[in-house]
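Presented below is the structure to which this report refers.
The values are calculated or read from the model by the stated rules, or taken from the named source; none is laboratory data. Every value quoted in this text rests on a predicted model; they were computed, and no experiment measured them. Backbone-built Cβ (ideal geometry, glycine too); neighbour counts: all protein chains shown. Each accessible area value is taken on the protein alone, full model and side chains, heavy atoms only, with ligands, DNA and RNA left out. Shrake-Rupley method; radii C 1.70, N 1.55, O 1.52, S 1.80 Å.
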Amino acid sequence: MVILVIGFYVAWQFVPTSAANTLKIAVGGTSGAYYDYAKRYQQNVQAEGLSLEIVSVAGSVEALQIVKEGKADLALVQGGVAHSTLPDAAEQGLHSIASLFYEPLWVFYRKELGDISHLNALRGKRLSIGKQGSGTQVLVSQLLTDNDITKDNSSLQPLLMDEAETKLLAGEIDALFIMTLPNAAIVSKLISSPDIALMDFQRQSITYTSHYPFLNALTLGEGIIDLKNNLPDHNVTMLTTAATLVAGKDIHPEHVRLFSREAHKIHSQQGLLEKPREFPSIDHLEIPIHPTAEQYLQQGPSWLEKIFPFWLASRLDQLKIMLIPLLTLLIPLSKGIMPLYQWRIRSRIYPWYKTLSQLDRKLDSLDLPATEQEIARLHNLHGELANTVSVPLAHMPEFYQLRTHADHILMRLKERHILLLGDTVATVPVIAQPEPVLVPPKEPVMEQVNSILETTHTAESPPEAIPTLSDLAAIHTERRQHAQRIVRKHLLAGAAMSAIPIPLLDVAALTSTQLHLLDKLSQHYAVGFDKKLAKAKLFSLLSSTLPTTTIIGLSSLTKLIPGIGTLSGGASLSALSGAVIYATGNIFIRHFEAGGTLENFDTKQQTNAFRTDLQTHYE
């Protein structure tokens, strides 16, 4: 036991610390797609008990910077920003959780400039390149520099999106660069303007995507923005980046799993540019992906997360290291399982040998009446063996050996009986038999019966009383109340047995209590009881509520932890045992009162009712 305690203590040192309950996520601005997605994350994780604070900043550049400084835990960042402003993000401890969606670069220009298919055609023009600190400005500045467009030879203006839209429509600037989703209002308004054209990157898309790995070339289909007016009126090749969810160096792995899960819920739907389940993705990333996020995106949720709420599943996953000392204990214990099993099976057979042994020792001293009594007793024993003793096929030789020995004792009793009868005949004197006397036949038996009935059921005999509906209702109520008293009695017994400090033995006690309850209810309702069939029905019923069965097992195993484990496991198992016994009793009371038996009890039909009774008592 001391070694076990030391093992648990050492294993506890390796259990990860619990994740914090509050996080911050940085996004550019207080409107737009990034802010809307941040709000959805905030609402989703709140259901898991996590508070997510949204920090509004100037743009993706600042968002990435404050995550690096530890002032925020997460950030929604535009593609291309990390490549240009923080190339050493991996060395700074930052990780990507996933890429989330495509974000196209839209270049709208005045039609009087002619048909523009190359950025260098905008040299010397008045251009809006995005607000200061935004990811749009970072990317556009890089692309314009590559095309020899600088503030020395062109008018580069850091305008807000709405301001740039107004000036472009008014002719105060020649072109604007924006990065937004295809369903944004500004896109619909500009693409439908007769004075504005959308630049097509078809001729240089391969060049740009080769120079910048974070860029992708996608086709904006004809009519995809406005199908009624067929806008755009031809296919347009767009340069796009992928928005990324970035995590700081101190983020807890459980938070990474949680946000990976929420990213899948939010971004896995089909979009105008995205295919179904294309996002969230481990592709299109500039910052290396977090190992936990990569595992989740490739393998999906664990089996614990599919069964339990996220906070409970994550804690159980953290405690899995505690299984090491437990397995260390179970390995030697497992060696005793088979002998224990064999002893349990043989215990069904060996008690009968006590009866045979006692009878064998006194057989030669029995008189005639005692011999006849023991012969009848052995005949009854044969019937009991056939009907009540059930053993696995592997132990049937021992069972039939018992019956052979019982037959041997029975044969000896019969020999003793014949011997005693011979002695009795030898001692009885021979008496002369008188001549038979003929007696006239008596009145037939049926005539005697009829005469008795005629004299018994006379006109003066009152008719038998017929019970009223109120009498039947009272009988039914009394029978139901007595059945409920049986359930309460076993409920208290089950709760008390849950305090047994030995793991798994308490679960066995719960099963035994349920079987005893079912036996008593069967007797109360005059229903046949078969222990083997009852076990099968109870096992099938409990298997239909897998989470409850799992928690019962975990509560029992928790008792292996001395002190707090014994107390918490006992308390949890006591509450669950009471709920299970209550639900079992209620469901069989209703079944028996409806005229049912063990044989026609349908577990599948009763599952929902069992779960309802279980939840009612547990709450």
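A few notes on this one:
- Carbon plus sulfur fraction of accessible area for region 60-300, probe 1.4 Å, in percent: 45
- Taking amide H as placed 1.01 Å from N in the peptide plane, Leu231 has its amide H under 5 Å from the amide H of Gly223, Ile225, Asp226, each at least 5 places away in sequence or on another chain.
- Peptides 41-54, 136-149 ranked from most to least packed give 136-149, 41-54, packing being the mean of other C-beta atoms within 10 angstrom over each peptide's residues.
- Per residue value of the accessible surface for region 60-300 (all protein chains in place, 1.4 Å probe), Å²: 44
- The GluC sites (Glu not before Pro) of region 113-196 that DSSP puts in a loop, and whose beta carbon has at most 15 other beta carbons within 10 Å, are Glu172.
- Couplings for region 526-541, taken from phi via the Karplus curve 6.51 cos²θ - 1.76 cosθ + 1.60 with θ = phi - 60°, read 6, 10, x, 10, 10, 4, 5, 5, 4, 4, 5, 5, 5, 5, 5, 5 Hz in order; Gly and Pro are left as x.
- The phi torsions of region 590-604, fed into the Karplus equation with coefficients 6.51, -1.76 and 1.60 and a -60° offset, translate into couplings of 4, 5, 5, 5, 7, x, x, 10, 5, 5, 9, 6, 9, 4, 4 Hz, rounded to whole numbers, with Gly and Pro shown as x.
- Highest average first, the peptides 485-497, 67-79 ordered by how many other beta carbon atoms sit within 10 Å of their residues are 67-79, 485-497.
- Once backbone amide H atoms are built at 1.01 Å from N, Lys24 has Glu53, Asp73, Leu74 as its partners under 5 Å, excluding neighbours fewer than 5 places away on the same chain.
- Residues of region 349-422: accessible area per residue with a 1.4 Å probe, Å²: 61
- Extension gain from Ala594 to Ala536, taking 0.36 nm per residue of separation minus the Cα-Cα distance: 18.8 nm
- Across region 255-268, rounded Karplus estimates of 3J(HN,Hα) from the backbone phi angles (6.51 cos²θ - 1.76 cosθ + 1.60, θ = phi - 60°) give 5, 4, 5, 5, 6, 5, 5, 5, 4, 5, 5, 7, 10, 8 Hz, Gly and Pro being marked x.
- The alpha-carbon of Lys537 sits under 20 angstrom from the alpha-carbons of these lysines, leaving out residues fewer than 8 places away in its chain: Lys520, Lys604.
- Semi-axis lengths, Å, region 60-300, gyration tensor of Cα atoms, sqrt of 5 times eigenvalues: 32, 21, 15
- When the alpha-carbon atoms of region 349-422 are used, the pair Rg, Dmax equals 13.2, 45 angstrom.
- Interchain or long-range residues, amide H under 5 Å from Gly79's placed H: Ala242, Ala243, Thr244
- Largest-first ellipsoid semi-axes for region 76-183, taking √(5λ) over the Cα gyration tensor eigenvalues, angstrom: 27, 16, 12
- Annotation for region 383-398 versus region 351-367: alpha-carbon center distance of 21 Å.
- Surface composition of region 349-422: carbon and sulfur make up 57 percent of the accessible area, probe 1.4 Å.
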